[in-house]
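Asker: Before I ask anything, let me first share the structure, which is written out below as structure tokens.
The values are calculated or read from the model by the stated rules, or taken from the named source; none is laboratory data. All values derive from a computational prediction rather than experimental measurement. With ideal geometry, Cβ positions are generated from the backbone for all residues, glycine too; neighbour counts draw on all protein chains shown. The area values use the complete protein model at the heavy-atom level, side chains included, leaving out ligands, DNA and RNA. Shrake-Rupley method; radii C 1.70, N 1.55, O 1.52, S 1.80 Å.
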Amino acid sequence: MSQKEIKINPKYPSVTDLRNRAQKRIPKFAFEYLDGGCNEDVNLHKNTAEIRDVELLPYYLSKHTGSQMKTELFGHVYDAPFGIAPVGLQGLMWPNAPEILAKAAFEHNVPFILSTVTTSSIERISEITEGKSWFQLYHPAEDRLRDDIIKRAEAAECPVLVILCDVPTFGFRPRDIRNGLAMPPKMSVKNILQVLGKPSWALETLKHGQPNFETLKPYMPKGLDLAQLGKFMDQTFSGRLNEEKIKPIRDMWKGKLVLKGVANEADVEKAIQLGIDGVIVSNHGGRQLDAGESTIKPLTRIAAKYGDQIKVMMDSGLRSGPDIARSMASGAQFTFMGRSFMYGVAALGAKGGDHTISLLKTELQQVMEQICCEEVKDFPNHLI
Ligand SMILES: Cc1cc2nc3c(=O)[nH]c(=O)nc-3n(C[C@H](O)[C@H](O)[C@H](O)COP(=O)(O)O)c2cc1C
């Protein structure tokens, strides 16, 4: 496939610009669901702030024959060392968001990870990406359900299954509680008034219909009201992941298996013993443990110790090309972002995926040329 042309809307040359526009365009409850962390948001803010403490050395007089972002991961050569992290309920933030992002990721040749609890199905996203999208499994309480979803991911030719370990319990998110977005959710008068103030969001939502949990539809009893839906989700995904739960998944899944949400060395040791192919060092974008470390700290330790035994990737807090570069210089072999892409779609609708990927590619290319880094694997040579 030839490389996708880079086009950036000059009105939004940063993720901050996209976030500001998203805030104006979508209802408050949807924006706060996307934007917030947990408890006092300490971890959310530390993630980005501490990544930005990382500094890179430029080598201006070294020989430079060109920089390129191509990165091999699990047997596929991607056009850039970043991808789109799994995000739940995307259609609430902008109708068709998973389809928009999956298409943009496919065209730009970067990975898209579909969440179990988002608003498009494994099959639909696989069709859009010609079997290139990854799938993130929320661990179901019932083995039968787990096996069925895994078989569907296999039939859809997903190359990588991502299992999640950082949600043994749902994070405590004051904004969502205030907005009635906690389980069970409710559509309050306050929320309806917020919708009325955002006509483009309301129109698009009317056009596409109410968002549903498309991957989970076959397992949900028909005609659930919102309170029953909350109960169904709670009962279905009451899963703390552990070694016993990972073993049967490893036996069953023939493709690459990635453990997401890892934040310490002990869990990486276990992942290696269990035959996991890669870890995503992540704190869920600061949405789970407010008292936890920012991701750049465990990333640095884990990459140094285990980077030659298992693929070490990271997410949480990255908002720009320089942030991706800082993370790669600290040892990440690949990076992911959640909110940056969703801000893009909430800000620019169908053009948001293409715009945000183009922006990040442009910024990362600029950093590489600036510091004289020809290949992404050389980033650590520039770490101060
Ligand atoms: C609104 C929202 C919903 C999320 N839902 C999921 C999910 O369903 N599954 C999952 O593995 N991670 C989920 N995450 C975490 C992301 O995959 C990712 O770890 C996080 O967004 C990275 O941080 P960043 O937003 O600072 O880039 C969600 C994150 C956000 C912001």
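Asker: How many of the residues in the range 10-33 are open to solvent by 60 Å² or more (accessible area, probe 1.4 Å) and in a loop (DSSP other than H, G, I, E, B)?
Answerer: Adding up the residues that qualify gives 3.
Asker: Here's something else I'd like to know. Restricting attention to the range 117-132, and to residues there that are farther than 26 Å from Val195 by Cβ and within 16 Å of the ligand (Cβ to nearest atom), which single residue is surrounded by the fewest Cβ atoms within 10 Å (Cβ to Cβ)? Walk me through it before giving the result.
Answerer: The first filter runs over the range 117-132 and keeps only residues farther than 26 Å from Val195 by Cβ, leaving 122-123, 125-132.
Of the ones still in play, those that are also within 16 Å of the ligand (Cβ to nearest atom) are 122, 125.
Working: Ile122: 20, Ile125: 29.
In this case the residue turns out to be Ile122.
Asker: Would you pick out the residues in the range 334-352 that are more than 9 Å from the chain's Cα centre (by Cα), over 19 Å from Asn109 (Cα atoms) and either polar (S, T, N, Q) or within 12 Å of the ligand (Cβ to nearest atom) (or both)?
Answerer: Result: Tyr343, Ala346.
Asker: Now for a different question. Looking at the range 249-268, is at least one residue modelled with pLDDT of 95 or more and open to solvent by 80 Å² or more (accessible area, probe 1.4 Å)?
Answerer: Yes: one or more hits.
Asker: Condition test on Glu243, is it more than 16 Å from the ligand (Cβ to nearest atom), at pLDDT 95 or above and either within 25 Å of Ala105 (Cα to Cα) or exposed (fewer than 15 other Cβ atoms within 10 Å of the Cβ) (or both)?
Answerer: yes
Asker: So Leu181 passes all but one of these: (1) more than 16 Å from the ligand (Cβ to nearest atom); (2) closer than 23 Å to Lys217 by Cα. Which condition number does it fail?
Answerer: Of everything listed in (1) more than 16 Å from the ligand (Cβ to nearest atom); (2) closer than 23 Å to Lys217 by Cα, Leu181 misses just condition (1).
Asker: Scanning for something surrounded by 16 or more Cβ atoms within 10 Å (Cβ to Cβ), modelled with pLDDT of 85 or more and closer than 30 Å to Glu293 by Cα, does the range 191-214 turn up at least one residue?
Answerer: Within the range 191-214, not a single residue is surrounded by 16 or more Cβ atoms within 10 Å (Cβ to Cβ), modelled with pLDDT of 85 or more and closer than 30 Å to Glu293 by Cα.
Asker: Among the residues of the range 74-86, how many are closer than 18 Å to Ile357 by Cα and either open to solvent by 40 Å² or more (accessible area, probe 1.4 Å) or more than 16 Å from the ligand (Cβ to nearest atom) (or both)?
Answerer: 3
Asker: Something else: Are any of the residues in the range 50-71 assigned to a strand (DSSP E or B) and among the hydroxyl-bearing types (Ser, Thr, Tyr)?
Answerer: We begin by selecting, within the range 50-71, every residue assigned to a strand (DSSP E or B); these are 56, 68, 71.
Subset that is among the hydroxyl-bearing types (Ser, Thr, Tyr): 71.
Scanning the range 50-71 turns up at least one residue that is assigned to a strand (DSSP E or B) and among the hydroxyl-bearing types (Ser, Thr, Tyr).
Asker: Something else: Quickly run through the range 297-333 and pick out the residues that are buried (at least 23 other Cβ atoms within 10 Å of the Cβ), of a type in the set (Val, Ile, Thr) and away from the ligand (no atom under 14 Å from the Cβ).
Answerer: Answer for the range 297-333, where residues must be buried (at least 23 other Cβ atoms within 10 Å of the Cβ), of a type in the set (Val, Ile, Thr) and away from the ligand (no atom under 14 Å from the Cβ): Ile302, Val312.
Asker: While we're here: So for the range 275-296 (the condition being within 15 Å of the ligand (Cβ to nearest atom), farther than 20 Å from Cys165 by Cα and open to solvent by less than 40 Å² (accessible area, probe 1.4 Å)), does at least one residue qualify?
Answerer: no
Asker: Tally time: how many residues in the range 88-100 are within 12 Å of the ligand (Cβ to nearest atom) and farther than 14 Å from Ile26 by Cβ?
Answerer: Total meeting the criteria: 2.
Asker: How many residues, within the range 34-61, are open to solvent by less than 40 Å² (accessible area, probe 1.4 Å) and either within 25 Å of Asn20 (Cβ to Cβ) or hydroxyl-bearing (Ser, Thr, Tyr) (or both)?
Answerer: 11
Asker: Just for strands (runs of 3 or more DSSP E) wholly inside the range 74-122: which have at least 2 residues that are closer than 16 Å to Leu360 by Cβ?
Answerer: Numbers: elements: 76-78, 82-84, 113-115.
Of the strands (runs of 3 or more DSSP E) lying wholly inside the range 74-122, those with at least 2 residues that are closer than 16 Å to Leu360 by Cβ span 82-84.
Asker: Oh, and also: What are the residue pairs meeting all of these: first residue in the range 272-289, first residue without any contact (Cβ under 8 Å) to a residue 60 or more places away in the chain, second residue away from the ligand (no atom under 14 Å from the Cβ) and among the β-branched types (Val, Ile, Thr), Cβ atoms under 7 Å, and 6 or more apart or on different chains?
Answerer: Hits for this filter: Ile272/Ile310; Leu274/Ile246; Ile276/Ile310; Val279/Val268; Val279/Ile310; Val279/Val312; Val281/Ile302; Val281/Val312.
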